[in-house]
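The values are calculated or read from the model by the stated rules, or taken from the named source; none is laboratory data. Given the structure is predicted, the values throughout are model-derived calculations rather than measurements. Counting neighbours? That spans all protein chains shown, and the Cβs are built from the backbone with ideal geometry, glycine included. The area values use the complete protein model at the heavy-atom level, side chains included, leaving out ligands, DNA and RNA. Shrake-Rupley method; radii C 1.70, N 1.55, O 1.52, S 1.80 Å.
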Amino acid sequence: MEISPYYEKQIQCLNCKKEFSTLKVRSKFIKVDHTETDFQPIYANDVNALYYNVFVCEHCGFSFTEDFSKYFAPGIQDEIRTQITEKWVHHDFKGERTIFQAIQAYKLAFLCGTLKKEKNVAIAGLVLRLAWLYRSLSNKGQEERFLKLARDKYMDSYSTEDYSSTQMSTVRIMYMIAELSRRIGDIENATRFFSRVIEKQSAGGEAKIIDMAKEQWAIIREAKKQTPDA
(Lines give C-alpha, C1' and ligand atoms only; values in the text may rest on other atoms or scores of the structure.)
Protein backbone atom coordinates (compact mmCIF):
# COMPACT_ATOMS: atom_id res chain seq x y z
CA MET A 1 0.00 0.00 0.00
CA GLU A 2 1.34 3.42 -0.96
CA ILE A 3 2.04 5.70 1.99
CA SER A 4 0.56 9.19 1.78
CA PRO A 5 2.99 12.10 2.18
CA TYR A 6 0.55 13.50 4.74
CA TYR A 7 -0.63 12.44 8.17
CA GLU A 8 -3.38 13.78 10.38
CA LYS A 9 -2.45 15.55 13.59
CA GLN A 10 -4.72 16.66 16.42
CA ILE A 11 -4.11 20.26 17.49
CA GLN A 12 -5.49 22.10 20.49
CA CYS A 13 -6.49 25.67 19.63
CA LEU A 14 -4.49 28.24 21.61
CA ASN A 15 -7.56 30.45 21.78
CA CYS A 16 -10.69 28.32 22.39
CA LYS A 17 -8.83 25.18 23.64
CA LYS A 18 -10.96 22.91 21.45
CA GLU A 19 -9.27 20.21 19.37
CA PHE A 20 -9.25 19.98 15.59
CA SER A 21 -7.35 17.93 13.04
CA THR A 22 -4.90 19.21 10.46
CA LEU A 23 -2.54 17.66 7.92
CA LYS A 24 1.22 17.64 8.34
CA VAL A 25 3.85 16.39 5.89
CA ARG A 26 5.87 13.28 6.75
CA SER A 27 9.51 14.33 7.04
CA LYS A 28 10.74 11.70 4.54
CA PHE A 29 8.60 13.35 1.84
CA ILE A 30 10.13 16.81 2.43
CA LYS A 31 12.79 17.03 -0.26
CA VAL A 32 14.40 20.45 -0.73
CA ASP A 33 16.25 20.87 -4.02
CA HIS A 34 17.83 24.18 -2.98
CA THR A 35 17.07 27.36 -1.04
CA GLU A 36 16.89 30.90 -2.38
CA THR A 37 18.99 33.72 -0.90
CA ASP A 38 16.11 34.67 1.42
CA PHE A 39 15.83 31.01 2.54
CA GLN A 40 12.78 30.12 0.48
CA PRO A 41 12.93 26.32 0.12
CA ILE A 42 12.49 25.08 -3.45
CA TYR A 43 11.09 21.57 -3.21
CA ALA A 44 12.19 18.73 -5.47
CA ASN A 45 8.68 17.24 -5.62
CA ASP A 46 5.04 18.35 -5.49
CA VAL A 47 4.87 18.20 -1.69
CA ASN A 48 5.18 21.72 -0.29
CA ALA A 49 5.53 21.66 3.49
CA LEU A 50 4.99 25.44 3.65
CA TYR A 51 1.31 24.93 2.89
CA TYR A 52 0.74 23.23 6.25
CA ASN A 53 2.63 25.47 8.71
CA VAL A 54 -0.53 27.33 9.77
CA PHE A 55 -3.14 25.66 11.96
CA VAL A 56 -6.66 26.98 11.35
CA CYS A 57 -9.13 26.24 14.15
CA GLU A 58 -12.41 25.13 12.61
CA HIS A 59 -14.31 26.11 15.77
CA CYS A 60 -13.31 29.75 16.36
CA GLY A 61 -11.26 30.69 13.28
CA PHE A 62 -8.11 31.44 15.28
CA SER A 63 -5.09 30.65 13.10
CA PHE A 64 -1.56 30.19 14.39
CA THR A 65 1.79 28.46 13.96
CA GLU A 66 4.16 26.71 16.34
CA ASP A 67 5.93 30.08 16.76
CA PHE A 68 2.93 31.65 18.53
CA SER A 69 3.10 31.97 22.32
CA LYS A 70 0.38 30.50 24.52
CA TYR A 71 0.00 33.77 26.43
CA PHE A 72 -2.89 36.14 25.70
CA ALA A 73 -2.73 39.63 27.19
CA PRO A 74 -5.90 40.79 29.02
CA GLY A 75 -8.67 41.76 26.59
CA ILE A 76 -7.04 40.16 23.55
CA GLN A 77 -9.37 37.17 23.43
CA ASP A 78 -12.39 39.50 23.52
CA GLU A 79 -10.94 41.28 20.50
CA ILE A 80 -10.32 37.96 18.70
CA ARG A 81 -13.94 36.96 19.38
CA THR A 82 -15.22 40.27 17.95
CA GLN A 83 -12.85 40.52 14.99
CA ILE A 84 -12.58 36.84 14.00
CA THR A 85 -14.87 34.32 15.72
CA GLU A 86 -18.11 36.26 15.33
CA LYS A 87 -17.33 36.78 11.62
CA TRP A 88 -16.02 33.25 11.09
CA VAL A 89 -17.57 31.36 8.21
CA HIS A 90 -16.53 27.73 8.45
CA HIS A 91 -13.70 26.88 6.05
CA ASP A 92 -12.25 23.43 5.72
CA PHE A 93 -8.47 23.45 5.97
CA LYS A 94 -8.24 19.81 7.08
CA GLY A 95 -7.34 18.24 3.75
CA GLU A 96 -4.62 18.76 1.19
CA ARG A 97 -4.24 22.48 0.56
CA THR A 98 -3.93 24.35 -2.70
CA ILE A 99 -1.57 27.31 -2.83
CA PHE A 100 -4.59 29.61 -2.56
CA GLN A 101 -5.78 27.88 0.62
CA ALA A 102 -2.24 28.16 2.00
CA ILE A 103 -2.24 31.91 1.25
CA GLN A 104 -5.62 32.27 2.96
CA ALA A 105 -4.33 30.38 6.02
CA TYR A 106 -1.23 32.59 6.28
CA LYS A 107 -3.31 35.75 5.95
CA LEU A 108 -5.59 34.53 8.75
CA ALA A 109 -2.54 33.82 10.92
CA PHE A 110 -1.12 37.27 10.09
CA LEU A 111 -4.39 38.87 11.25
CA CYS A 112 -4.52 36.72 14.40
CA GLY A 113 -0.85 37.31 15.20
CA THR A 114 -1.30 41.06 14.79
CA LEU A 115 -4.37 41.12 17.06
CA LYS A 116 -2.59 38.93 19.62
CA LYS A 117 0.49 41.17 19.46
CA GLU A 118 2.82 38.29 18.70
CA LYS A 119 6.55 39.01 18.51
CA ASN A 120 7.70 40.95 15.46
CA VAL A 121 9.99 38.06 14.51
CA ALA A 122 7.00 35.65 14.38
CA ILE A 123 4.94 38.05 12.24
CA ALA A 124 7.95 38.56 9.94
CA GLY A 125 8.12 34.81 9.38
CA LEU A 126 4.45 34.68 8.36
CA VAL A 127 4.60 37.53 5.86
CA LEU A 128 7.91 36.28 4.43
CA ARG A 129 6.23 32.97 3.65
CA LEU A 130 3.34 34.83 2.03
CA ALA A 131 5.90 36.55 -0.19
CA TRP A 132 7.34 33.14 -1.15
CA LEU A 133 3.90 31.77 -2.03
CA TYR A 134 3.17 34.77 -4.24
CA ARG A 135 6.63 34.39 -5.81
CA SER A 136 5.75 30.84 -6.82
CA LEU A 137 2.66 32.29 -8.54
CA SER A 138 4.87 34.91 -10.29
CA ASN A 139 2.79 37.65 -8.64
CA LYS A 140 5.54 40.28 -8.38
CA GLY A 141 3.35 43.00 -6.85
CA GLN A 142 2.11 40.89 -3.94
CA GLU A 143 5.54 39.31 -3.48
CA GLU A 144 7.17 42.73 -3.05
CA ARG A 145 4.36 43.95 -0.78
CA PHE A 146 4.93 41.09 1.66
CA LEU A 147 8.74 41.21 1.34
CA LYS A 148 8.61 44.84 2.47
CA LEU A 149 6.29 43.95 5.36
CA ALA A 150 8.68 41.15 6.38
CA ARG A 151 11.71 43.45 6.15
CA ASP A 152 9.98 46.09 8.31
CA LYS A 153 8.98 43.47 10.92
CA TYR A 154 12.54 42.13 11.03
CA MET A 155 13.73 45.73 11.52
CA ASP A 156 11.30 46.08 14.45
CA SER A 157 12.49 42.77 15.86
CA TYR A 158 16.14 43.85 15.53
CA SER A 159 15.53 47.14 17.33
CA THR A 160 13.45 45.58 20.15
CA GLU A 161 15.53 42.35 20.27
CA ASP A 162 12.33 40.33 20.58
CA TYR A 163 14.06 37.50 18.70
CA SER A 164 16.49 36.88 21.59
CA SER A 165 14.57 33.92 23.04
CA THR A 166 13.95 32.32 19.62
CA GLN A 167 16.06 30.30 17.19
CA MET A 168 16.88 33.47 15.24
CA SER A 169 20.35 34.89 15.88
CA THR A 170 21.41 38.54 15.58
CA VAL A 171 23.47 37.68 12.48
CA ARG A 172 20.52 35.97 10.79
CA ILE A 173 18.15 38.85 11.59
CA MET A 174 20.62 41.35 10.13
CA TYR A 175 21.09 39.17 7.05
CA MET A 176 17.32 38.94 6.51
CA ILE A 177 16.98 42.75 6.79
CA ALA A 178 19.79 43.17 4.26
CA GLU A 179 18.61 40.57 1.74
CA LEU A 180 14.94 41.61 1.85
CA SER A 181 16.03 45.26 1.50
CA ARG A 182 18.08 44.28 -1.57
CA ARG A 183 15.10 42.47 -3.08
CA ILE A 184 12.77 45.46 -2.65
CA GLY A 185 15.37 47.88 -4.04
CA ASP A 186 16.38 49.55 -0.75
CA ILE A 187 20.10 49.36 -1.54
CA GLU A 188 21.12 51.73 1.27
CA ASN A 189 19.71 49.47 4.00
CA ALA A 190 20.92 46.35 2.18
CA THR A 191 24.50 47.67 2.09
CA ARG A 192 24.40 48.82 5.72
CA PHE A 193 23.16 45.50 7.07
CA PHE A 194 25.28 43.26 4.84
CA SER A 195 28.29 45.22 6.17
CA ARG A 196 27.15 44.60 9.75
CA VAL A 197 26.84 40.86 9.07
CA ILE A 198 30.33 40.71 7.54
CA GLU A 199 31.76 42.61 10.55
CA LYS A 200 30.56 39.73 12.73
CA GLN A 201 32.85 37.19 11.04
CA SER A 202 35.55 37.66 13.69
CA ALA A 203 33.10 36.47 16.36
CA GLY A 204 32.95 33.00 14.76
CA GLY A 205 29.87 30.92 14.04
CA GLU A 206 27.21 31.58 11.37
CA ALA A 207 29.89 31.11 8.67
CA LYS A 208 27.38 30.16 5.97
CA ILE A 209 25.31 33.32 6.51
CA ILE A 210 28.42 35.50 6.53
CA ASP A 211 29.51 33.94 3.21
CA MET A 212 26.03 34.57 1.77
CA ALA A 213 26.22 38.20 2.92
CA LYS A 214 29.61 38.61 1.19
CA GLU A 215 28.17 37.19 -2.05
CA GLN A 216 25.14 39.51 -1.96
CA TRP A 217 27.28 42.52 -1.04
CA ALA A 218 29.57 41.78 -4.01
CA ILE A 219 26.50 41.66 -6.31
CA ILE A 220 25.41 45.10 -5.06
CA ARG A 221 28.91 46.54 -5.56
CA GLU A 222 29.06 45.14 -9.08
CA ALA A 223 25.64 46.61 -9.89
CA LYS A 224 26.76 50.02 -8.56
CA LYS A 225 29.87 49.92 -10.78
CA GLN A 226 27.68 49.31 -13.83
CA THR A 227 25.29 52.15 -12.89
CA PRO A 228 27.56 54.75 -11.28
CA ASP A 229 24.74 57.32 -11.06
CA ALA A 230 22.63 55.00 -8.87
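Tabulated data for the structure shown
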quantity: Residues in region 125-157 reached by a label modelled at Arg192 [backbone nitrogen below 18 Å; 7 Å Cα→Cβ]; calculated: 148-157
quantity: Tilt relative to the chain, helix 99-116 - C-alpha long axis, 0 to 90 degrees, to 10; calculated: 90
quantity: Entries in Lys94/Lys208; Lys9/Lys107; Lys28/Lys140; Lys28/Lys116 that, when Cα-Cα distance is taken, lie over 26 Å; calculated: Lys94/Lys208; Lys28/Lys140; Lys28/Lys116
quantity: Potential lengthening between Lys87 and Phe29 on full extension [0.36 nm per residue; Cα-Cα distance subtracted]; calculated: 17.3 nm
quantity: Shape call, the chain: gyration tensor on alpha carbons, a/c limit 1.5; calculated: prolate
quantity: Relative contact order [Cα under 8 Å, 6+ residues apart], region 129-227, whole percent; calculated: 20
quantity: Relative contact order of the chain, defined on C-alpha pairs under 8 angstrom at six or more residues apart (%); calculated: 12
quantity: Contact order relative to length of region 118-173, as percent, for alpha carbon pairs under 8 angstrom and 6 or more apart; calculated: 41
quantity: Computed label-point distance, nm, for sites Asp78 and Asn45 using a 7 Å Cα→Cβ extension; calculated: 5.0
quantity: Accessible area in square angstrom per residue, the chain, 1.4 angstrom probe; calculated: 54
quantity: Cys residues of the chain counted as unpaired, since no other Cys beta-carbon is under 4.7 Å; calculated: Cys112
